[in-house]
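Working notes, structure below.
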């Protein structure tokens, strides 16, 4: 662990907390938006402790996860579309609270929380299985194909997990309208996966064989 990595990780974490808080509570016009606090808690508290673990045990992985700048123009557009989806989705959820638009019942919110926490656990498992994971599409030096655990079920378990994570967020916020906006994510991630697989086939030894072995990319028995 280096001082630069510590400062970078801490800064990005705090900026993330502030940004998400502003996007949720500013449109809501109140800090009494309980669903917003629930999402902030289950999102950032585990993230904080996960960051500490990675900083101590695998700082290289943490460094990769902090780097979000895409080199490929097409993938940079995909990342920006995802950011726009979050921006609009969170704002709509906050406005829904302010103006009392249709709010999902508490049992739906509870289901969303459970799904989110399960997905978070699976997210940690994917990071444990594949220490080459980066937020950008690239092939690291000496990278090998991972074909065990969740990678034996789908080729991109990280995206499978984020699909659950992101679609559960608007449910936790109680906003059906925000959920409709987040439904754009599967289409965005499909575009990203196709581009990523083209790169992996060209630059990662054994990936073509792995594709033949593991048929499904994102959702078992579907795609």
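The values are calculated or read from the model by the stated rules, or taken from the named source; none is laboratory data. Keep in mind that this is a model prediction, so the values were computed, not measured. A quick note on method: Cβ atoms are made from the backbone with ideal geometry, for glycine too, and the neighbour counts reach across all protein chains shown.
Brief remarks on what is shown
- Residues located in the range 171-184, provided they are within 15 Å of the chain's Cα centre (by Cα) and either closer than 20 Å to residue 108 by Cα or modelled with pLDDT under 85 (or both): 182, 183
- Filter pass, residue 80 being at pLDDT below 90, surrounded by fewer than 13 Cβ atoms within 10 Å (Cβ to Cβ) and outside any helix (DSSP H, G or I): no
- Any hit, the range 38-50, residues being farther than 28 Å from residue 192 by Cβ and either modelled with pLDDT of 85 or more or within 19 Å of the chain's Cα centre (by Cα) (or both): yes
- In the range 141-170, residue nearest to the chain's Cα centre (by Cα) [restricted to those that are part of a loop (DSSP other than H, G, I, E, B) and buried (at least 17 other Cβ atoms within 10 Å of the Cβ)]: 156
- Taken over the range 111-135, the criterion of being at pLDDT below 90, within 25 Å of residue 181 (Cβ to Cβ) and either more than 16 Å from the chain's Cα centre (by Cα) or exposed (fewer than 15 other Cβ atoms within 10 Å of the Cβ) (or both) is satisfied by 135 alone.
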